[in-house]
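Comments concern the structure below.
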Amino acid sequence: MGRFIDGMAERGIPLSVFHFDCFWMRAYQWCDFDWDAETFPDPAGMLARLKERGLRVSAWINPYIAQKSELFEEAMSAGHLVRRADGSVWQWDLWQPGMALVDFTSPAARDWYIGKLRILLAQGVDCFKTDFGERVPTDVVWHDGSDPERMHNYYTHLYNQAVFDLLREERGEGEALLFARSATAGGQQYPVHWGGDCDSHFGAMAESLRGGLSLGLSGFGFWSHDIGGFEGTPTPTVFKRWVQFGLLSSHSRLHGSKSYRVPWDYGEEAVEVTREFTLLKQRLAPYLQRAAQQAHTTGVPVMRAMVLEFPDDPTAAVLDRQYMLGEDLLVAPVFTDDGTVEYYVPEGTWTNVLTGTQVAGPRWVREQHGFHTLPLLARPDSVVPFAADDQHPVSAWADDVELRIHAFADGARRTVVIPRTDALGETARFEVHREGDRLSVTTDSPYPWRLRIGGPGGTVHTNAAGRATTEVRYED
């Protein structure tokens, strides 16, 4: 753990969260909610040291109680476990013998379960990865008399609801967060969800994207996936391409099963790619936060199937290997060893945010990209805010924010909002308008800000704080 955290810091790759997966508990005693004393003799001290480094802490849990767990007898005698019609506890031999299932239809069982989690929160854990929840038996009797067949969907709702409500109570409305595997209708209330245990090859990477877009079309605003895949070990090429994709997702996590996902295990270039795209994501934080606020208030996901943004373009309906990140950025991940990628651009002039290259649509495009670029295209007439701070996901975004103007047509108007970091709302607003060769920007920003026209190498105009209208010559 320490070598990984130190290694990321030494290589200039910022971290926000450190996650402890299943082996923070003793093997095959899941869940007993006790730290493995041999590996973690001082969990409270360890968690405090992680906090000193500015890290949040996530811990893996599931709704099963193994017979080997010290909690099994306690839960069984109190009636907290799902039972068969004859009154015996339902058990299942899967990855550990005699697993039983917590009955979340029982208020007492729910309180008992979250009481164990409350202890972990007091120690310094910040959020939980609520694994499983979808494997539910039908030959049982539930505490509240629920239909066993219908519990397949309802159980995951009760499970994630219980944990999320606890986090909201203990950490506050803006800090409650899960990393959930299972869901049903209404589960978007308890974000975030990730795609589960995928393989480590390009096919699985593409399938992950397809699944994430489907989830977004089902009303879920946020989605993540295991960068590099979970099962197996990715090649360096797959890892680097997945890093690009993963860091252009709403939530980003390096995670694997029996092999590590530390970037330096995949070569020095993998370190460079991870660093570059992590810093890019940090700079895109005000843009992504605005998209997150829109997801919260409107239900439109951060990662959007193309058809959501372009419902009148018939081609958009069949695109499942590219997406819109927010309303203004098109992302086409690379799924090939040689860097070849085919993607579709809707009508208008699109600008690659990384290279400045422009592409006119509507048409299909075939390109080849090295590991430091991919199709990341700004929408015509877009204004994308970039934070000055590339080291933290949350910072004073409006302070020295850079507004990047892309293919802004004569007569175009856009309003750009820099969101608050602590709640819904805004800290600054920019009204952008072009007339002929003049571009005007009106703002009430209390901070200095910059304007960049014409891609990453374009002309920069620096502006002082305070309400004002700035006018510059527009040259794309």
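Rule-based calculations on the coordinates, nothing more; no lab input. Computed from a prediction, not measured in an experiment: that's the story for all the values here. All Cβ positions, even for glycine, are placed from backbone atoms using ideal geometry, and neighbour counts span all protein chains on display.
Backbone amide hydrogens, once placed in the peptide plane, bring ASP103 within less than 5 Å of LEU81, VAL82, excluding anything fewer than 5 places away on its chain.
From least to most packed, judged by other beta carbons within 10 angstrom and beginning with the fewest, TYR159, TYR28 follow the order TYR28, TYR159. Quick one: check the C-alpha center-to-center distance for the stretch 83-155 versus the stretch 2-30, whole angstrom. Using only Cα atoms, the two centres lie 27 Å from each other. Where both residues lie in the chain, what percent of DSSP beta bridges are antiparallel, nearest 5? In the chain, DSSP labels about 75 percent of beta bridges as antiparallel. Measuring spread by the Cα atoms of the stretch 307-378 yields a radius of gyration and Dmax of 11.6, 33 Å.
For the stretch 148-235, run through the trypsin sites (Lys or Arg not before Pro) and keep only the ones in DSSP coil with at most 16 other Cβ atoms within 10 Å of their Cβ. Here the trypsin sites (Lys or Arg not before Pro) that fit, given the DSSP loop and packing criteria, are ARG150. Taken one residue at a time, the phi angles of the stretch 129-145 give Karplus couplings (6.51, -1.76, 1.60, θ = phi - 60°) of 8, 8, 6, 6, x, 9, 9, 10, x, 10, 9, 9, 10, 8, 3, 8, x Hz. Gly and Pro are set to x. Given a Förster distance of 35 Å, report the FRET efficiency between ARG11 and ARG135 from their Cβ-Cβ distance, rounded to the nearest 0.05. Calculated transfer efficiency: 0.35. Note on the stretch 174-280: Cα Rg divided by 2.2 N^0.38 Å, N the number of residues, gives 1.07.
Loop-located GluC sites (Glu not before Pro) in the stretch 374-476 (DSSP state not H, G, I, E or B) with no more than 14 neighbouring Cβ atoms inside 10 Å: GLU475. For the stretch 268-282 versus the stretch 410-441, the inter-centroid distance based on Cα atoms is 29 Å.
Of all the Cα-Cα pairs you can form in the chain, what percent are over 33 Å apart? So the portion of pairs separated by more than 33 Å is 42 percent.
Rg/Rh for the stretch 96-145 stands at 1.02; both radii use Cα atoms, and Rh follows the Kirkwood definition. Across the stretch 383-473, C-alpha contacts under 8 Å between residues 6 or more apart give a mean separation that, scaled by the residue count, equals a relative contact order of 25 percent. A convex hull fitted around the alpha carbon atoms of the stretch 48-154 yields 114 Å³ per residue. Just check the stretch 383-473 against the gyration tensor rule for me: Cα atoms, a ≥ b ≥ c as the square roots of the eigenvalues, rounded for a/c under 1.5, and otherwise prolate or oblate depending on whether a/b exceeds b/c. Here the stretch 383-473 falls in the prolate category.
In the chain, the calculated helix contribution to ellipticity at 222 nm averages -8500 deg cm²/dmol per residue, counting -39,500 (n - 2.57) for every DSSP H run with n ≥ 4.
The distance separating the Cα centre of the stretch 195-225 from that of the stretch 346-402 comes to 22 Å. Using the Cβ-Cβ distance between ARG3 and GLU70 with R0 = 25 Å, the FRET efficiency computed as 1/(1 + (r/R0)^6) comes to roughly 0.20. For a test of the definition: using alpha carbon positions, the gyration tensor, and the 1.5 limit on a/c, classify the stretch 1-76 as rounded, prolate or oblate. Prolate. The stretch 75-210: D in µm²/s via Stokes-Einstein (Kirkwood Rh, Cα pairs, 10 °C, 1.306 mPa s)? D, rounded to a whole number, is 98 µm²/s.
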